Each structure stands twice: as C-alpha cells, then as structure tokens.
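Reading through the structure tokens given below for one structure.
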Amino acid sequence: MAQGVQSVQEFIQDSFVPMVAVLCSEEAGRVTRKNNLNFAELLRPFCRLTSEGHIRDPNNQLQVVKNLRICVNNVVTSTNTPSATLGPSQCRLLNEVVSSCQPQEGAVNNVVTAGEYNLNVSATTPWFESYKEKFLQSMPASDHEFLNHYLACLLVVSSTEVVPVEQFLKLSQEQHRIQHSGEHSIPKWFIPNTLKYYVLLHDMSEGNEQRADMVYEDMKQRYGSQGCYLLKINTRSISAEDGEQIPDPWCQYLHRNSLPNQVSTDYSSGGLHTLCAINTDLEKCSRVPEGVVGGAGIHGACLTLSDHDHIRQFVQEFTFRGLLPHIEKNIRQLNDQLVSRKGLSRSLFTATKKWFGGSKVPEKSISEPKSTCGLLYPPEAPELQIRKMADLCFLVQHYELAYSCYHTAKKDFLSDQAMLYAAGALEMAAVSAFLQAGAPRPYPAHYMDTAIQTYRDTCKNMVLAERCALLSTEILKSQGKYSEAATLLIKMTSEDSDLRSALLLEQAAHCFINMRNPMVRKFAFHMILAGHRFSKAGQRRHALRCYCQAMQVYKERGWSLAEDHINFTIGRQSFTLGQPENAVLAFKQILTIDSRQTATQQGAFLREYLYVYKVITVCNDVCLLQLPLPCINSSATRVYFGHERRLAEGEKQAATHVSLDQEYDPDLAAMWFHLEEQLVTAANRGITPVNFQPTQYCLNCQTDNLRHPLAVMEEPIIVEVMFRNPLKVSLVLSNLSLIWNFTLDGVPPLKEKMPDKLTISNEETLARLQLLPHRTGELNIVGVVYDLAAASSGDMCGLLLLTCKQALELMTGRGKQDLNIQGPRLNQTKEDKMLVRRGLDKRLDPIITPPMPLLEVFFLQFPTALLCGEIRKAYVEVCNVSGVALCGLRVISTHPDFFTFGSKSAPLSTIHPTSAENNSAYQTFATPLQPDLVASEMLVSAEDFSQPSDVIDIPIEGNTLQPGESTQLPLWLRGPDQEGVHEINFLFYYENIDKGNKNRCHRVLRHTVFICASRSLSVQASAFRSSIPPHHVLDDKGGGGTLVFIDVENLNTSDAGVCEFHIVQVSSSSQHWRLHKCINPAKEKGGCGTLVLNSLCFFKYIFSVQISIPEFPEYIDVASSTTSSGSRSKSCSPAEERVRDITNIVKKCNELDLNVIIIWKAYVIEDNKQLILEGQLNVALQTIGKEATSLPPKQEAQEMVLLKFKSELPTPVITPSGELSQIIKTNLHYPETYIHPFVQNSLCVVPVTLMLSNCSSAQVDVIINLRHKSTSPESAEVHSLFTWVGQSQYKRQLKPQEVLCLTLQACFLQAGVYNLNTPKIFAKPSEQGAMCETSQQASTPALIIINNA
Amino acid sequence: MAVCIAVIAKENYPLYIRSVPTQNELKFHYTVHTSLDVVEEKISAVGKSIGDQRELYLGLLYPTEDYKVYGYVTNTKVKFVIVVDSSNTSLRDNEIRSMFRKLHNSFTDVMCNPFHNPGDSIQSKTFDGIISGMMVQTG
C-alpha cells in the first residue's frame, strides 16, 4: 500500500515550514568547513524542535506550536523569475531521485485479496515519497504566496575575525541589499523588515574563548540578548583520532539525493524489519561519504556530542527567542491593519473599488499586463496583507485563524479576478481546514479541485497544480476517499512529463487496490499505463516492476492478447536491464501458450526470443537450457527396438513384423500376446513360465511399460518424438539428437548417435532418432537436444544465400527439452481413484542385453488371392542374419488350417509358377478302377493328425540355423472356406542356442498377410439313415447304413476368369465309416454356371474298428488339417463310454462323424493363359439328418436384445423328443404282393415281420401298440380296411444295438393297396424310469398289394 | 456504431471479443478488462438494493477520452460490453439498450446450440454476423 511513512498532517506541516536564510562570513565558512559542512548544513539535523513553543495570537490566546521544523538555507541569489514549469536541472534531479530509489530485495509486500485475485502489492512506494519530498523542496518561490519566503536571516561571523562587529554590519548590509535593491528576484522575503539574527561562531580548537565571550557581550549590548547568539563548536581537533564514534546525523540529510540508496523513508513506527533497514542504511551512510568526499572524512568530524547539543540549543534559542516572537509581532501588526480596514463594510469596499476603478488599476498596468492567470498584485499590495497573515498563522500552526484569513483572502482575490492568488488561497484554505484539530468543518475538497483546475487551466502552472494535487490526494487518501484521489491523480497525468505521469498513475493504481472493494483490473490497467510512462521516462526498473505487478492480474485468465503484450514488454525491459534470464522466461510464456496473435507477430516474438536466448547461451554455455518450442507430446513418444525392416527383396516378400508406421491396436496386441504365450508354452513342453512376458518391439503409451524394455546390443533403438508447433510460423529444428545417460560401472558407452535431421514442422511432426548401443548396460534416454530457428520467411529468401545463412545462424538457439513421460493413471485402489496417481513408465529406460539371434523370414510366390478351398504352393525362406545361432524355430497362426509345411524332399527346381501341373498338390495314381464301383477305401494313420496344438515346428535341418544360414521350405496354402478378405497372422518363434541369457532367450517375428478369397464351389451333404432292410445288405455286421447325398454348386458366377470346375475326386475320411457303394455315380463335369450334382453314396458302418494301416501312398502333401480336425478328438471307442445322460444317449445314437472330401480342378484364364487351379473342399457330417455344407455357417447379424425388466421364467426342460424318436429303427418285412382268393376265404391273413433295431448304446424299453388309433380322420379311414390280428401290444427290452424281430399278422378283408406302417412304437431308455416312453418316428409307408385271385 | 463488442464469462475471461480492425485490438482488450471492475461494482451495488429483480442493462460504465463503455449483465453473470466512439453523439441510450437486447438474444441462441460447450469461446458464424451488423455503421 502506498501510504507514506509520515502521517498526512506531519507531511503537510513539513511541506510548509518557516524559511530561514543564512549569510555567512568567509571566516565562519572556514570554521564550518572543517566539518565538511556549511553552516546551513550544520544546522539541518537539528532543525526539528523537540520541545513545544508558544505564541500568542492577536486575541492574546496562547497557541502551542508543536513539533515545529524550520528550514535553514544559504542565500542563493538569482535573477530568474520563477517559471511555471520545472527547469531541466530540476527534472533531472527528480529523475535521479526516483531511479535511485528502488524497492529493496526483501521489501514487505502486502497481499491483497480481491475476489479470485491474490495480489502481491508493494507495501510502500519510497520512490514516490522521495519524489514528493524533493518536488516540494524544489518548489520555486512564488509571488502569490509567502509560505516559502524567507522569514529571517542568520548572520554568521566567526570569533576569529579581527573585528566581528564590522563583519556583522557588512552582512547586515548585504542582506538589506539583496532584499531591497530589486536586483534579485530570488530569494524572496516574507516581510520587508526581515528578522536578522546575529550568530557568533566560535571555534573551540583555535580561537580565544574569552575574546569570543567579550565580543558576544558586546553583541548583546548592540542587538539585544534575543537577537544574537554565541555558538561554540569544534571542540575536537581534527587530528584527535580517538576511538569515540559519534553518530553522524548529517548523512541522511546531505547525501540522500546523490547516493544510490535511500535512507530516510523507512523510519516508520518500528518493527524489526525497519530497524534492520535503518542499521544497514546507517552502515551504508557511514561508508559511502568516505568514498564520495574523499579524505576529508565524515561530517562533523570536529564535533563532539556536546557540540551537537550546543547546536540544538542554538536552534531552539533562535526559534523560541527570535523567530516565534518575530512572527507573533508581525501577525499582530497585520491583524491591526486588517482590523482598521474592517471598519468599512466589505461590500462597500469592493463597490467603491469598482466604481472608482480603485487605486489598483494603475498599479496593475505598472506591474504586469494582465496575464492569463489574471491580476498580479505588487509585492506590498494591501490585498496581500491578509494572505501574508494567513501564511504566518499557518506556519505557526494556528490553522483556525489561518483558515479564516485564507477564506477572506480567497473572496477578495476572486472578486478581483486574481485567479492565481485565489487558487493559492483556496488551496491553503482547504489544507488548513483539514489540519484544524477537532475538525469543526468538513474538508472542502471542492476548494482543492477548483484550485487545481485554476492552476492548470487558467494559470498554466503545472508545478503548482501538481503540488496541489499531491496535497489533495494525500488528504483524500487519509480520509479513505481513494476513488476521488485516483480520479485526481489520473487527471494530473499529461503529456508534458512522463515521470510525473508515471508516478501519479502508479499512485492511482494503488488507490484502486486500496478501495473498500478493490478494483483489481483498474489497478492492473493503470499499472500498465504507469509502466509505459516509466519506460518513456527512462525508468526501466520501475517500468518492469509495474508490468510485473500488472501481470499478476492478467496471468492465466484468458486475456491472452493483453498477457502477451505484458510478457513481451517484461521480456524487453528485463533484457535491457541485463536480466536475460527473466527475459527468456517472459518470452517463453508468449510462445508456449496458444496465442491468438497473428503469424507476423508470432514471428517477431520468436525472433526476439531466439535473440535473447542466444545471448543467454553465449553467456553461460555450460548447460543447455530448456526450449519452449516446439511442444513435445511426451506421452506420444514411441520407442522401437530393432532394425527397420526391409519390406521386399526381389521376389521375396519379407515378414511384415512390427514397424513404427503401424498404429497400435490393443486387440491385435492381445492376439499376438496370446499367440506368443502358446508358443512359449509349447516350447516349454506345455508349461507356461511364471515370468512370461510378451515381447514388445514397439512401445507407446498404451503398451505395458512397467518393466525395463530389453534392447539388444548392436541393434538400434529408435525413438520417435512427436513435436507440435503451436505457432502459426514454422520452425526449423536442426542437429537433433537424443540426450541419454548410460549407467554401468561408469564405463563410457561406445555409442553412435545417428540422427542428424532437419525437420520443418508446421503442425505435428514426428522425428525418429536412432541410438545404436555397443555395450550392455542400462540406458536412460532423458531428452532431445536441437537447434531451434524460425523458418525463413518469404522476404528473406530474396536475399543472398550467404546472408540468409548468416541470418539463420544468428537466429538459432541450441537447447534441450526433456522427455518426461507420465505413466498411465492408476485406478486400482480407492486412493488411486481419489487422487491422481501415475504409474511407472520405463519406455525410455531400456536394458541393453548381449547379442541375440535375429531371424528374417521371406515368402516366395505368396498369393494374395485364392479361391475358396484352393490349394497353392508357396515357399518360405528363413534366414539367420545375426551372429548367433538360433534354434527351436516354431510358428503359430491365427488360421492353422490355412497352411502346412511341405517336406523338404520336394524338388526345388519345380518352383515355376507356370507349370501348374508340376506344382499340383495331388499325384495321380493309376489305380485300376472297377467300372461299376468307383468307391475305393483308404486308411490314414492317426499319427498324421497328431499335432497336439496349433504350434507347428518348422522342419529345418538339425533344428538350428547357424549365423548367416538360410533355408527354403515349401509351404502349402489352402484358401479359406469363406469368401472375403482374411487377415492371417503368423508368429515365428526362435531361441538363442545358448540359453545363458537370463533375461530373455526367445524372440519372435510377426507376419501378417491378407488373403482375398473368392467363391468357388459349395458342397452340401446330408446323411440319412438307410431304411433298406438288413437282409438286403451283403455283409451285414450288425449295424445300419447311412445314405449320404452330396450337392455341389458352382458359386463362382462373378469371376469371369474362372471357366469351369471339374470334380476330380470324391473321398471320405472317417474312423467309423467305410464307403460301400456309389449309387448314382453322376460323374458329370461341372461346367460354368450353377449345377447340382447329385451323388448318392452308401457307407458301411464299421463299429469300433481301429484303423491302423500306416502309410498311404496316394495321399501325399495334402493339407489335411481340416480333414483331421473333426475326428481327432474322438478316437476312443464310443462303446466304452458309460453313457448316462439321456441326451448323450441320443446324440451317440445320431452321431455320424464323417468327412467328405471333394477335390476339384478349375480352369482359369489369366493374362491369356490357361491355368489349372486345384482345390479341395471338406464337409464334416456330424449328425444324421442334418445338412452340412462346405461353407462355414454365416453369422447372423446379432439382433438387438430387448431390455427385460422381469426375470424370464426358466424354460421347462423339454426332452429332445425329436431326437428321442430316433432311438429305435423299424422295418417291416412282408411280401410286396399277395394274392388271396377272397371268394374262398373272405379273410386274408398276411404274416408281417417287424424288425426293431436299437440304434443307441443303451438298453431301451419298447412298447409296440398295434391298436393305436391315429387321431387323424384320414388314417382312420385306412385303418378300417385292415386290422392286426393276434397280440396287439408287446413290451420288450432291447439291448444296445440289438435287433428284434416280431412276427405279426395282418388281416385284410378285400383286395387293394394297404399301408402296413401303422404300429405305434414307444421307446425309452431303461434307466430313465420316470420318463414317459416316446413315440418313435414312423418310417416311410409300407405298401402291400393284395390281389384277388 | 460500436467499435468493440465483448462477451465475458462469469469467471471474467473473454468468450468473445471483436473490435474494428482499423484500431489497436490490444487497447480494446485492456479497456474491456478494466471495465469489468465497474461492472462488478455495479452488480454488487444493485444486488443489495433491489434483490433479484435486477435491470440487466448497466448503462454507461465509464467514459474515456475517446470511447464510451456500456455494460450489460445477464442473469447468469455473463457480461456484455459495448464500446462506442465518443464522437458518436447521435447514439442514444435506447439504441444501446436495443443493441444489448439483440446481443443477448443471439448469445442465447449460441448457448442453445447443443454442440456448444458452455464456457468455450464462441465460434459461431451467425453470432459473428450479428456482431458485424452491430459494428458497421447502421445508423
């Protein structure tokens, strides 16, 4: 807060004090100069009177004069008339005062809280205090007021003078001459007969004291005891170098204006801080004069403490005995004059003046033509007497009288239109009204306003206006009227003086912040204005301070334009003040926030910043500084371990692996991790290691970065840094490199820094930086270092290349930025959720491991498009490119049915894409085919299907791959069954042959291919239970047969390239079934277009026969994983299983487990060449009666599940009656035609055998009901025609697979065709006691023809 | 007619400031920012005396040498500030009022946009158009 140290009353009192002139004889001057002082200076510390004085006013009332100060000055004569403005020297002085007074380092600051603002405002403004003081001191004496006119004159003569009295006479004449000759306009004297006070100065060290006393006695005689004084000083001789330290009261008065440190302002009412300040100040004071004044030593060197007392006594004596009585006398005289004039009424007095023109008109013309400020009175004009009296009263603190006098004077002056005088009277009236104790009347602020306005506008006297404003604002502030004070201060700012405007604006700002409701923004704004004016006035430090204070309000509140402006100014000012660090900070703030400046403005900011930055870096080149630009998106930093992959090499297509160009996909990553886990499990014989961690080649913010990543020696580490340029101008980064630490036994790492890039970034740019470790150890990547420069703008390009380069060099700053990667936010525990906790992220801290093997995989002739089910051959080449042997090569894929490795024995020479026939997957085998029975039986050993999991070992010789070695393997591919684009992922696994590495001994290589599968054939197959009676079967082994229907459809309508499909072979594969007979060998060639091929085959059921024929010559190289996959898991005999569950029974009974394989050829025209493509389709028949297709079932679009608010009733367990109804197979055996002579016998009885065979593997209770009436009327009609005779209901139990024959008799009444299939059969498994028997499915109608003979 | 129009959020950061391009934009930013002190003073003064029934239009906040600054506060404490050239004496209080009403309406429209995030700076072509209409010399 900008409160002065003194109270306002004291301040005003001290601003107007009685002035005393000094005239000194030569000799006396010499005496005082021993102390390095002149006489006026000698008295100055003692000019404040500690005791009370008394004065009697004209009414003989005793008036107390407290705390009076007098001002003693040497007479300086000048002929200049006082001007309305300050001279240049005075201005310079004021400027120096302000600039020398800076806020102390640890100065007390007030924290002002206003709304959401917490501001740190300097508590005091000492520079303003000293400015004010100096300004008031340097006020030129003016004619319209007498306050700073000399009241008395001290005539000082030394006792060493030959005739001191003569000297006194001389000085007295001199004074008279100065005052009355009219040669000098300065100094001005209060009253014509100035008080002359005769001082005899006696030097104790040299003069004769008795003589001095004698002279003094003489003086007393001559001038009266109250008009003279004997002052004895210099008790100590200069040479006397005793250790007595005498406080030096002069320093604060004498050198305060020239010394850099301000002293007096901190003399406030105590407190530890102020005391310390005083002490330090005193130390400084005692030190500095030695330097400044030279060998003369400190002030008052010859004065003892008693001398100090003498001087004090002298001043007191002079004031109380000389000055005050003199003033009292004068007041009385003036009062008498005025009282005598009071006889006339004032109105009459003025009226006569007007009527008769008064006596003043000629005076006016004599003295001065009427100037802008109105009338000018001659010095002794009667109108001025009252003002004189007022001033005298004011000086002796008789404010009440002073006020009434000023008030009267004001009226007189106003009526005379003497504006300058009126304004002065108004000003002082207001002040004395304020100073009146007890305040009988409120402070007349409007007096002040009028006075200021008059001074400024009418009289054009800015100095007086300023003084008036200063006084007024102090008074207003003391009354808490900050708003008015601020307005006044702001009004006083003008173009003519930057320093004054700056100071006043700053005070205004302080007023705003000190208001009851602090106006923070106004404070800030006026601070900025003040800062601006300060900088114009050359007060850079003050300007900087103002801007910094204003910054507190604007900072981070969205007012970016203003913020930028302030920051920019702070930067500039700091830089010119030699604080480049602060400048850089300020400029940095402009550049980091998302500024809304225009591009040119940003460019300017950037250049300024770079310039300052360069200066800083030149100054201290020890460590690199942080650069604010461009922004680094730390969390987007990616780290990649390993070489950058070659994508293709000639015809070879390299494994895609991982690269920085790929986006991270968490689902994909999970898939890869799962694959790797399977591989590791397979490599460890089915056990997943506890410490298994998936290999991560590329780390980003989404990967698991809790552990130190592993980097391999001699394999590069690539760090991708994302730069973002927030500016509208582009930046140039050059000489980019990484900063890193390497920690292992303090061994300097042999490392090669690769990156040397030039990046011009406009928005978001990625930079890839590479490190190549040469030793094992722990690496820690800390940040990036680069040269930052602004991109050369268009006009720069026009210049010569050389200058352009130079300019670029000039504007380049080298600095660093750290890569601080924050880990992911933790969200596990409650604490984590409530706080913001971050996990670890060790992305940039890799551990360098010893060399590891490195595998490269290439694919040859790898297709991109296949027909569904197409078989194609490709080659894979594995290559060990490292210096370490590798082993344990394995591969896993997301589509295990897509590929298989061929045997190495296949001749490599046949790899020729055109010779498709040579490349065929199948070898034709000349088998003597039976013309009627195409079916042939083949058995395949179970070991061929014995891959325990999806992991496939890659068959390489010796299972190891030596350094540099490579092997080519054939690879059979089969097009996926479903059309569309398929993403197929391979994961290759390999190990270091030397398992010593404790960290990691395996590595993986990823490969992803996309295969476009187009439609080929669709095979639909369905199996039905054969209803052919068993005796028709040639070699009945106790089971039933199954009929398999196969429909083949050509779906490839769209692809014009495919001409036609040929079904080459139909085969089956099963453990339980054997092809028996091809019923309808419709070996048609399926041409183009949709064709339904209807083959009907018959298979023989072979129950629980283990197939064990080892090798099968015709079946080579066929990717049979699909064929095998279905049957593999169910190799054990179903009879051994103890079937308990009813559903199991049923399932077993309907189980089919049969695979049908269709091998086709397609003729394709591609590039005018005919190609023959081969393929194979498989249909897995699982259950009887259900249709199976070669196409996997299409996934139904998932329907939206409706929200259900009620829990659903549990669906009742419904026994699968449809399936239960197939437990028992029925057959009726009867003669197809029966001839019966109805004439002879009206009843025709035909024997019919009912065969019941139990299809299930459980005991079944069967009930046969012959009389069962069907509900349908149609069948009832039929029933009436024949009837069963004999036992009509049977109850039997059937063992598993048992066949039961019942002989029934049907009785017909007439000839015709009858359906015998009417018996109702109910069955249930014997163990299911509670269950009802289930009606068995009736088979096809059994028709019998009865003929009449 | 207006030389600068500003919308200030409740928390006293600018939502929208547009000024005539011919003059120094920074100056207007400072002017508008400083006027917020007066706005706050006026709000607190009015709030005590009348209660919730408050006139939204605050009138002339303060005159500077070159400009007159007018204020308006919505019920949600969003402030509108219009700076008018002092030389433009033809402008009457009623016209200023109607300008503020127009501004308020279009501000409400902006706020009603479901894709506008309250508290973000206003980026709306319609709003821009209305502001431009008020800035140009319409009489």
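None of the figures in this text is laboratory data; all of them are computed from the coordinates on show. It should be emphasised that the depicted structure is a prediction, and the values quoted were computed from it without experimental measurement. Note that each Cβ is placed from the backbone with ideal geometry, even for glycine, and that neighbours are counted across all protein chains shown.
Data table
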read-out	value
Normalised alpha carbon radius of gyration of segment B:2-135 [divisor 2.2 N^0.38 Å]	1.00
Cβ-based exposure ranking for A:C153, A:C459, in which fewest neighbours within 10 Å come first	A:C459, A:C153
12 Å beta-carbon shell around A:Q167, net charge (K/R +1, D/E -1)	-4
Chain B, relative contact order [Cα under 8 Å, separation at least 6], %	30
Residue exposure sequence - A:R685, A:R707 - by fewest surrounding Cβ within 10 Å	A:R685, A:R707
Calculated Rg and Dmax of segment A:19-168 using C-alpha coordinates, Å	21.7, 77
Shielding by partners, peptide A:551-559 (average Cβ within 10 angstrom, other chains)	3
Alpha-carbon spread of segment A:130-201, three principal axes, descending order, Å	44, 30, 18
Gyration tensor (alpha-carbon) shape descriptor, segment A:514-580, a/c threshold 1.5	oblate
Proximal charge balance of A:Q1020 [Cβ under 10 Å; K/R count +1, D/E count -1]	-3
For A:524-534, mean number of other protein chain Cβ atoms within 10 Å	1
Distant alpha-carbon pairs in segment A:405-545 (separation over 21 angstrom), percent	47
222 nm mean residue ellipticity, helices alone, for chain B (DSSP H n ≥ 4; -39,500 (n - 2.57); rounded to 500)	-13500 deg cm²/dmol
Protection-proxy order for peptides A:1162-1171, A:715-724, A:502-511, each taking the mean of Cβ atoms within 10 Å per residue, highest first	A:502-511, A:715-724, A:1162-1171
Nearest-20 debye value, segment B:2-135 charge dipole, Cβ charges on Lys, Arg, Asp, Glu	260
For peptides A:1241-1252, A:557-568, sequence by mean Cβ density within 10 Å, most packed first	A:557-568, A:1241-1252
Residue order, fewest to most surrounding Cβ atoms within 10 angstrom, among A:R825, B:R92, A:R467, A:R607	B:R92, A:R825, A:R607, A:R467
Out-of-range pairs (alpha-carbon distance over 28 Å; input A:K132/A:K188; A:K1186/A:K1291; A:K132/A:K170; A:K411/A:K491; A:K460/B:K42; A:K588/B:K27)	A:K1186/A:K1291; A:K132/A:K170; A:K460/B:K42
Student exercise, segment A:955-997 dipole from Lys, Arg, Asp, Glu Cβ charges, in Debye to nearest 20	80
For residues of B:28-36, the mean tally of beta carbons on other chains within 10 Å	6
Residue-by-residue Karplus 3J(HN,Hα) for segment A:54-60, coefficients 6.51, -1.76, 1.60, Hz, glycine and proline x	9, 8, 9, 7, x, 8, 6
Charge tally in the Cβ shell below 12 Å around A:L577, where Lys, Arg are +1 and Asp, Glu are -1, A:L577 excluded	+3
